[in-house]
Structures are given as C-alpha cells and as structure tokens.
1. For the stretch 247-278, name all the residues that are part of a loop (DSSP other than H, G, I, E, B) and either surrounded by 24 or more Cβ atoms within 10 Å (Cβ to Cβ) or of a type in the set (A, V, I, L, M) (or both).
2. Take the conditions hydroxyl-bearing (Ser, Thr, Tyr), modelled with pLDDT of 95 or more and within 14 Å of the ligand (Cβ to nearest atom) and apply them to residue 181. Does it pass?
3. Residues 145, 186: which one is within 16 Å of the ligand (Cβ to nearest atom), in contact with a strand residue (DSSP E or B) (Cβ under 6 Å, 6 or more places away or on another chain) and not hydroxyl-bearing (Ser, Thr, Tyr)?
4. From the set of residues in the stretch 200-234 that are of a type in the set (D, E, K, R) and more than 12 Å from the ligand (Cβ to nearest atom), which is nearest to residue 153 (Cα to Cα)?
5. Of these, 299, 318, which one is polar (S, T, N, Q), surrounded by 19 or more Cβ atoms within 10 Å (Cβ to Cβ) and touching a helix residue (DSSP H, G or I) at 6+ places or on another chain (Cβ under 8 Å)?
6. In the stretch 309-340, what residues are within 21 Å of residue 62 (Cβ to Cβ), hydrophobic (A, V, I, L, M, F, W, C), in contact (Cβ under 8 Å) with a residue 60 or more places away in the chain and not in a helix (DSSP H, G or I)?
7. Before we move on, is residue 121 more than 19 Å from residue 275 (Cβ to Cβ) and among the charged types (D, E, K, R)?
8. Restricting the first residue to the stretch 52-79 and requiring it to be on the phi > 0 side of the Ramachandran plot, which pairs with a second residue that is within 12 Å of the ligand (Cβ to nearest atom) meet a Cβ separation below 7 Å and a spacing of at least six or different chains?
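The values are calculated or read from the model by the stated rules, or taken from the named source; none is laboratory data. Just so it is clear, the model here is predicted, and its values are computed rather than measured. So basically every Cβ, Gly included, is an ideal-geometry build from the backbone, and we count neighbours across all protein chains shown.
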Amino acid sequence: MKIKGFWFSRSMQLLMVAALCLGGQVSADALDAKAVDTALKAAYSKYKNLKDGANADYIPALAKVDPKVYGIALVTADGKVYTMGDLDTEVSIQSISKVFTMALVMDESGTDAIMNNMGVDATGQVFNSIVAIEQYQGQEMNAMVNPGAITATSMVKGQSYDEIWSKILAKYSDFAGRKLTVLEDVYESEAATNQRNQALAQLMYAYGRIEKNPLEATDIYTRQCSVGVNAKDLAMMAATLANGGKHPITGKQVVNEEHVPEILAVMATAGLYDDSGKWLYTTGLPAKSGVGGGILAVSPGKFGIAVISPPLDAAGNSVRAQKAIADISEALGGNPYDVE
Ligand code: GLU
C-alpha cells in the first residue's frame, strides 16, 4: 500500500485496519444488549406495514415468495445473537453469494487473482450488463456484479462440477455456522431462464477472463444463488466478516483474516447495485444485497446484521432491509467512518 510516498508493510496495513475497526464509538463488547433489542424492535415495527417495492419476477420462482416475510438478525463480533420477526423462512441467497465465492477464490488464489482477472472497480452499469463487458474487455468487472461473479465461480479450483460445488457450499455453510442446502425450485426456475447469464459468461470466456467451461460456471453460479438462508444465517455470515473472518460462535477461521479488508472494500464498492454509493454515503457499511430480498451489512469489529424482506426498489434492493439496517446501525454507532 502506498500513501503519499510512504510504503506500508502488510503488518502495518493490518494494524491500520485494526485501528480503524476499533476506533469507532463502541466495540462489540460495549454493545449494550438493551440498546440492541430496542433498536431491532423499533426498526421492525416501524417498517412492518410498509408496502413499497415488489418481488423480483425475472426469475419466476422469486415472484411466488410471500412479500410479507420480514426477519431481522444482528450478531455481534463476539457472538451475541439478537433477532426479530421471521427467522424460519429461507429465501434464496442470490447475489449475496458473490461475496463468499470471492472469499473462497481469494483464499485459494490470493487477492491479486481477483484484482488482476476481473478487477475491483464498479462498472457504472447494471449488474448484468453486456455493454460493461464490451466497454472494458472483461476487466473492471467487479465480483459483485454478474460477469465478475460468474468469473469468480469459474476460478474455484476443482477437477469436476461436483468437487467445485461441494467446496462452494461448504464455504457458505462455514460462514453461516450450519449446513446450508439449495432451494431446488429456485435453482430450476433460474436455470431455465438464465440465458442472459450464459451470454455474459460466454463473453467473459471470449475475452479470456473465464478460462474454460463458461456454461458450467454459469450453472454452478446459478446453484450458488439458490442456496436457502434465513435472516440469522446471513447475520452470522456478516458477523464472521465483522470478526476478521473467524466465525464468532463456531470459532472456525473461515477465510484468511488478511483478505477481509479487501472483501469488505469490494462490497462497499458495488454491494447494492446502482445505489451502492448512496448506501455507503448514508450508512458507511460494506453490504451486499440479493434479489431474493436479503441484505447483509458489516460493521467491522462490531457486528454483522441482516434483514430479509422480498419486495425490492427500482435498483433491486430490499426496501425494508435498507431502511431497517440503516436505522439499527445508526442507533448503535455502526458507521466505521464515524469516529468520535
Ligand atoms: N441469480 C441472480 C442473477 O444472476 C442474482 C442476481 C442478484 O441477486 O442480483 O440474475
């Protein structure tokens, strides 16, 4: 890292990140249980009857999910769990999966593999843009948007479809702290309608970003998007990132802690589609949303939070989830840029 003529060593960088994480208003230890409960209850009831937004319907199975599903979970970096509303219903993880496949690729091949192959800049185009690939010849395809994400899936090492898929599902399960499974109806629905993603993958293959089997990579990507998660699963995954990649309850180091700052940076850049800048401006939180209705967000060193609520706004982000997470984080001093 070079800042104004100074080179910082890797350990110095880690110290700087740690200082940033600890420099906010409260550490995980200091998060007051009553304050967290109050914040969750307030956000839950404030937005419970909100009717704005609509389920995604370009994947037919998503249109059938009950729009009233609304669950909130917050897990502190030291493993305390707070919940409100629906924790039983699983929705498909969709785009949120992109974070965890990228984490797997970083662990296997290093962070430079992501930087050098598909890049980490926002495309400024919609998440499944063909124009963006053409514009940048397959570079600058952030792994949070489809061309970069399918490319990341293609970079997972393995000799067969099954080997690659097992590694991906195992990684997600480690992040969640329980064994996750695929919602087969969602997988089948998307597999029958994912021609555009197949085209994106073929184009990334043509530009040499995907090395082989673009259609297999698209299918594995479709399967990863169909993994079922509830609000608590997503909050656990976020809390693992908030805790330097170590699951706060199982204690397992799920991703190399040196990669966590890069993972969070990519999320901050493009986690909420075309509203990523707006989201970062208002909350300061690295986050990722999915068209299944989930959003997870990370307050480094403090907590992971997630909300599930299927109706989406025009940018493709859950309406209730954005509002609830923003309110709760504000109440708990979650913005890492807001140092008193
Ligand atoms: N599986 C979805 C797709 O590729 C994920 C999109 C999303 O959640 O943004 O279209």
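1. 249, 254, 255, 271, 272
2. Answer is no for this residue.
3. Sole residue among the options that is within 16 Å of the ligand (Cβ to nearest atom), in contact with a strand residue (DSSP E or B) (Cβ under 6 Å, 6 or more places away or on another chain) and not hydroxyl-bearing (Ser, Thr, Tyr): 186.
4. Across the stretch 200-234, the extreme among qualifying residues is 216.
5. It is 299.
6. 312
7. When the stated conditions are applied, residue 121 does not pass them.
8. The qualifying pairs are 53/312.
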